[in-house]
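Here is the structure we will look at, set down as structure tokens.
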2 protein chains.
Amino acid sequence: MATISIREVAARAGVSVGTVSNVLNRPDLVAESTRERVREAISALGFVRNESARQLRSGTARAIGLIVPDVGNPFFTDVAKGVEDTASEAGHAVILCNSDESAQRQERHLDLLTEQRVHGVLITPVDDSPEPVLRLRERGVSVVLLDHATALSDTCSVTVDHRIGGELAVRHLLEQGHRELAMINGPESVTQCLHRAQGARDALREAARDPGDLHVVEVPAMNVASGLAAGERLLTGNRPDAVFCANDLLALGLLQAAVRHGVRVPHELAIVGYDDIDFAAAAAVPLTSVRQPSRLIGRTAAELVIAETRDPGGHAHQRVVFTPELVVRESSRRPADQLSPCPER
Amino acid sequence: MATISIREVAARAGVSVGTVSNVLNRPDLVAESTRERVREAISALGFVRNESARQLRSGTARAIGLIVPDVGNPFFTDVAKGVEDTASEAGHAVILCNSDESAQRQERHLDLLTEQRVHGVLITPVDDSPEPVLRLRERGVSVVLLDHATALSDTCSVTVDHRIGGELAVRHLLEQGHRELAMINGPESVTQCLHRAQGARDALREAARDPGDLHVVEVPAMNVASGLAAGERLLTGNRPDAVFCANDLLALGLLQAAVRHGVRVPHELAIVGYDDIDFAAAAAVPLTSVRQPSRLIGRTAAELVIAETRDPGGHAHQRVVFTPELVVRESSRRPADQLSPCPER
DNA sequence: TATCCTGATTGAGACGTTTCACGACCGGAG
DNA sequence: CTCCGGTCGTGAAACGTCTCAATCAGGATA
């Protein structure tokens, strides 16, 4: 009940507070027998170190912040798991924040994390504005950008080459013989979205097609509901042969729309998603998707931010870029292949 | 760069540190003109309050901890969103921890949260042991149990009546004319799982059937992979007519197994899931599922924990119990209904 | 003019750690 | 016996904020 401090522990063990602190932080400095006595007192009293005090004294917290635009998206929870893996190995807590694609919420979370004096922040910013990141750096917080290309050269980042991802997706659709292509994309102010679209257009160019042929539907949020809405729009009137969706949630939404309209996938409409979340394989029609190494992305980012704070001066900023790969499933197979209905793999 | 404190602000504004603190916390005590001057200094210097120091002084943090067994499960991210909604209204941060159904990780997170001196903890414990909760209370942390019935009478909890949920699911399957029923369940040491199974057996009893007829397959973890594995086992040999899965992830796994074995759903196998996550509607066959009000659960729990810490003495512990409801979709419709293939709703 | 009141501001302690310069002790070498 | 080196342990000074009793200015009242 009454909160007990290092002082009570010291009293009970018959040593000074300094010694207790040493047992906690540099046990090798204290003699075997004393150490044992202090340990006994700690567990007898149920002492728990007050992290605020430690942090106040030592200047920095044993926590790192992670800001993602949508915790509901399994891609980001996978990334979060990766972050947690390495963070907890290093004894750091992870404060997971959901910006919900809102700049305002992102702002609030950043303020909060700065107040907490976190070790570092991993962030997938909601937009391309460098300003929030600069403000953090200015306050001495190290930052790693997650899955977000940036113009800031002096910042660590872990990204995936989304241009290649877009290219893989659309090249595959073209190879399958689809002609009329559409894309459901998030706002192009978000770099990931921009690059995926660029890659898609590159694939068209490569096939000697006019990149302008790609009918892009832009949605405000990259979730299932948006995909469904975009699908409703796309499937009325003259519909495309194939749609590349900027993530799997949009693709799942589109798929639902297709089912509602009685449009058969992939016979009448091929779909390719992005992220290869676990649910992609379990969808109404198993989804072809561009896979990102989500967990690895998280782990790498956490390593970078921990390395940077360990050695702030001599740290060389790194940009790690992963290459995505295409996972082909039912939703994009050439109609001919469909005649013999065989399950995935 | 150099971290600036309340002291610099005071110097620049030509007031004492006490006044700056008052501007921050009780602005009404400070004269208009002074207040303005201090505010100016704050923004000019880019001052950010050091939460550790505040917390050290005031004894408790403006943060609450949330421990869930699986962040990859959309049900829990929905709950988390609900928690965040009310927490951020009250100016609290949420530290989201993933125990991954491991008692050891849960333990580590609890230690961490105690060190952080969080305001309160919302937890869906990995097992039924009351010990971790008791330890927290002993240390003066208020606890709200999430979606977990408990023998502890002096603890707030927000739960769903899973017995009713199980009953709804199995009664529905029986009404659809299915005879051979199976259930894929998590360990019955987890109360949620136990209650769902009890409800299922109650439904059998109610239909004058032997509750022992329910063939229960117990899996160690409640995720897609486990569902797939259980499905592989269940679909070889003489398979049941219908399966009730203890959550949607298991159901999606089972569905994948069915597709691989060429077993048609619902014609040859009906499936009912639990939680009604967003992906349930987008599955290979839209899933019938027992819906819990996930976001509301999170919001309510956060309100409880905040209320409890606001008034620790006079607080009466509450148990809030929600009632689940059945959402019927394709995966469990009577084969007869299937003849005219019409999309959901 | 002296007194009292009110509203605004101050300054000095905490809060629980960590850190670091310093002292105490002991055994061995000179 | 003294001195030295090393090992352990100590105690006090921070860290940045909040709180609260105390002070102060200035006007109103007697």
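The values are calculated or read from the model by the stated rules, or taken from the named source; none is laboratory data. Small disclaimer: the values here were computed from a predicted structure and weren't measured. In this analysis, Cβ positions are derived from the backbone assuming ideal geometry, glycine residues included, and neighbour counts consider all displayed protein chains. Quick note on the areas: whole protein, heavy atoms, side chains included, nothing else; ligands and nucleic acids left out. Shrake-Rupley method; radii C 1.70, N 1.55, O 1.52, S 1.80 Å.
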Of B:A44, B:A87, B:A307, the most mobile residue in a GNM of chain B (C-alpha springs, cutoff 10 Å) is B:A44
Cα extents of the stretch B:59-202 along the principal axes, largest first, in whole Å, come to 60, 30, 26
With bins of 20 Å, the percent of all Cα-Cα pairs of the protein assembly as shown per bin from 0 is 17, 45, 31, 7, 0
Per the C-alpha gyration tensor (a ≥ b ≥ c, the square roots of its eigenvalues), the stretch B:259-332 is rounded if a/c is under 1.5, else prolate if a/b beats b/c, else oblate; here it's prolate
With a Förster distance of 35 angstrom and the Cβ-Cβ distance between A:L296 and A:A208, calculated FRET efficiency to the nearest 0.05 equals 0.45
Taking Cα atoms, the helix B:162-175 axis meets the longest principal axis of chain B at an angle in degrees (rounded to 10) of 30
With the dipole of the protein assembly as shown defined by +1 on each Lys or Arg Cβ and -1 on each Asp or Glu Cβ, the option from A:A90, B:I184, A:V30 whose Cα lies farthest towards the positive pole is A:V30
The orientation-averaged projected area of the Cα convex hull of the stretch A:137-200, in nm², is 5.1
Rg from C-alpha atoms of chain B, normalised by the globular rule of thumb 2.2 N^0.38 Å, equals 1.25
Simple spin-label estimate for B:Q198/B:V328, 7 Å along Cα→Cβ, in nm, reads 2.7
To the nearest 0.05, the calculated FRET efficiency linking A:E232 and B:R264 through their beta-carbon distance, R0 being 45 Å, is 0.95
Carbon/sulfur accessible area of the protein assembly as shown, % of total, 1.4 Å probe, equals 50
Of every Cα-Cα pair in the stretch B:184-224, the percentage lying beyond 17 Å is 31
Magnitude of the Cβ-charge dipole (Lys and Arg +1, Asp and Glu -1) of the protein assembly as shown about the Cα centre, nearest 20 debye, reported as 1280
Expressed in angstrom, Rg and Dmax over the Cα atoms of the stretch A:6-49 are 8.9, 23
For the stretch B:197-313, the Debye formula with one identical point scatterer on each Cα and no solvent gives log10 I(q)/I(0) at q = 0.13, 0.18 Å⁻¹ as -0.59, -0.93
Expressed to two decimals, the stretch A:1-76 has a Cα Rg over Rh, using the Kirkwood radius, of 1.20
Counting Lys and Arg as +1 and Asp and Glu as -1 over every other residue whose Cβ sits under 15 Å from the Cβ of A:A149, the net charge comes to -3
The answer for the stretch B:6-49, accessible area per residue at 1.4 Å probe in Å², is 58
For A:H215 and B:E188, extending 7 Å from Cα along the Cα-Cβ vector and measuring point to point gives, in nm, a value of 5.6
For the stretch B:1-134 the translational diffusion coefficient, Stokes-Einstein from a Kirkwood Rh over Cα pairs at 10 °C and viscosity 1.306 mPa s, in µm²/s, is roughly 91
Whole-Å distance linking the alpha carbon centroid of the stretch A:1-74 with that of the stretch B:235-255 is 48
